[in-house]
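Participant: Submitted below is the structure of interest, expressed as structure tokens.
The values are calculated or read from the model by the stated rules, or taken from the named source; none is laboratory data. All of these numbers come straight from a predicted model, not from anything done at the bench. Here the Cβ positions follow ideal geometry from the backbone for every residue, glycine too, while neighbour counts run over all protein chains shown.
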Amino acid sequence: MLETAIERPRLRGLDKHRPSHGSLVFVTKYRRRCIDAAILARLGAIFRDLATRWGCELLEFNGEPDHVHLLLSVNPKVAPSVLVNNFKTVSSRLVRKEFAAQLRRVYWKPVFWSRSYCVVSCGGAPLAVLKQYVEGQAGRMARALRRFFW
């Protein structure tokens with residue numbers, strides 16, 4: 001019996017040891033404009049803590065009254081759907097607990113995030129361009145807060 005070695009083709013562009021960059025967008029339930037500066041700061045702290053627990057790095061974070069942007073450096077072995085599920089579950093639970101009085105006016109059920117999310121792989125774009133985009137959301141956040149609260 002002749003044994004032949006079957007050589008598997010290598011997948012180009014995939015390096016299991018090099019982190020990949022991804023952009024996440026989470027939207028509040030019913031697109032309600034309930035994220036103010038205090039909630040945004042707390043969400044940033046929560047996401048930074050979660051990223052370190054997952055072995056990721058939160059490169060940039062910003063948002064507007066109805067959604068947030070995260071730029072992450074993620075290990076390719078991490079399943080995006082599992083990561084997103086954990087980020088949304090933990091952050092929703094903590095924000096609803098800490099800002100209960102404020103969110104009770106907006107949501108009558110224990111919800112914060114919409115079920116949907118956006119994950120974009122950022123393999124081809126330079127990291128500086130991605131950071132510039134997420135940082136640019138800060139100016140939009142300030143304008144939106146002025147419109148929302150004044």
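Participant: Taking Lys29 and the conditions (1) among the charged types (D, E, K, R); (2) modelled with pLDDT under 95; (3) touching a Ser or Thr at 6+ places or on another chain (Cβ under 9 Å), which numbered condition does it fall short on, given that it satisfies the others?
Facilitator: Exception for Lys29: condition (2).
Participant: Also, I was wondering about something else. Could you check, for the range 112-133, whether at least one of its residues is surrounded by 17 or more Cβ atoms within 10 Å (Cβ to Cβ), at pLDDT 90 or above and hydrophobic (A, V, I, L, M, F, W, C)?
Facilitator: Yes, the range 112-133 contains at least one residue that is surrounded by 17 or more Cβ atoms within 10 Å (Cβ to Cβ), at pLDDT 90 or above and hydrophobic (A, V, I, L, M, F, W, C).
Participant: Over 20 Å from Gly136 (Cβ atoms), in contact with a His (Cβ under 8 Å, 6 or more places away or on another chain), modelled with pLDDT under 95 and of a type in the set (A, V, I, L, M): does that describe Val78?
Facilitator: no
Participant: Follow-up. Tell me which residues, restricted to the range 50-66, are crowded, with 20+ Cβ neighbours inside 10 Å and in contact with a Ser or Thr (Cβ under 7 Å, 6 or more places away or on another chain).
Facilitator: Across the range 50-66, the qualifying residue is only Cys56.
Participant: What are the residues in the range 64-86 that are out of contact with any strand residue (DSSP E or B) (no Cβ under 6 Å at 6 or more places or on another chain) and farther than 15 Å from Val120 by Cβ, if any?
Facilitator: If the condition is that a residue be out of contact with any strand residue (DSSP E or B) (no Cβ under 6 Å at 6 or more places or on another chain) and farther than 15 Å from Val120 by Cβ, then Glu64, Pro65, Asn75, Lys77, Val78, Ala79, Val82, Asn85, Asn86 are the ones that fit.
Participant: Taking into account only those residues within the range 67-81 that are over 20 Å from Lys29 (Cβ atoms) and under 12 Å from the mean Cα position of the chain (by Cα), which is surrounded by the most Cβ atoms within 10 Å (Cβ to Cβ)?
Facilitator: Within the range 67-81, the match that is surrounded by the most Cβ atoms within 10 Å (Cβ to Cβ) is Leu72.
Participant: Right, next: Which condition number does Lys88 fail, the rest of (1) touching a residue at least 24 places away in the same chain (Cβ under 8 Å); (2) among the basic types (Lys, Arg); (3) over 16 Å from Lys29 (Cα atoms) being met?
Facilitator: (3)
Participant: Mind checking which residues of the range 54-103 are charged (D, E, K, R) and more than 23 Å from Val129 (Cβ to Cβ)?
Facilitator: Asp66, Lys77, Lys88, Arg93, Arg96, Lys97, Glu98
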